[in-house]
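This report refers to the structure that appears directly beneath it.
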Amino acid sequence: MKNGQKLKTAHYRKMLESKAEEVRHSLSAQKAAQVVSRLDVPSDEGDLSQQHHEEWIFLNRNTIDMKLLREISDALHRIDHDTYGICPECEEAISTKRLDAVPWARFCVTCQEMIANRIADGEIMEYEEA
Ligand SMILES: [Zn+2]
C-alpha cells in the first residue's frame, strides 16, 4: 500500500456486506409484492395502464438494485485483491470521505465525473478496464 496509508478494509467489507443484504431483502420484498398485485385482475383499462406503470417502475428499480449488487460484489472482490480504495484510472487513493459515503465507489470523484461525461457524450457505453 502506497503512502503508508492502510485502509480499514474490514470496516468497508462490513458496510458492503450489510448493504448487499439490504438490497437483496428489498428485491425479494418487491418480488413478493408483485406476486400479490398480479392476483388483482384489472377491471378496466384505467387499472390496466396503472398496472403497467407499476410494473415498469418495478423493473426499473430492479435494474438499479441489480447494478448496485454487482458494484458491491466488485468492491468486495477488490478488498480480497488489495486494490480496494485505489482509483484504477489515476491510481490515486480514493478519499475515505467518499468511501464512507459510497463504499462501492470504484473511482475517485474526478475520474468518476470524467467517465460520466464520456458516457454522456456517447464516447463509451460503460467503463471498461484498459
Ligand atoms: Zn481517479
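Summary table below
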{"quantity": "Cross-link reach list, lysines versus LYS67, counting only Cα pairs under 27 Å and skipping chain neighbours closer than eight places", "calculated": "LYS8, LYS14, LYS19, LYS31, LYS97"}
{"quantity": "Sum of side-chain charges, TYR12 neighbourhood, beta-carbon under 14 Å (Lys, Arg +1; Asp, Glu -1)", "calculated": "+3"}
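The numbers here are math on the coordinates, done by the rules we state, and not lab data. These figures come from a predicted structure and were not determined experimentally. Glycine gets a Cβ as well: all are built from the backbone with ideal geometry, and neighbour counts include every protein chain shown.
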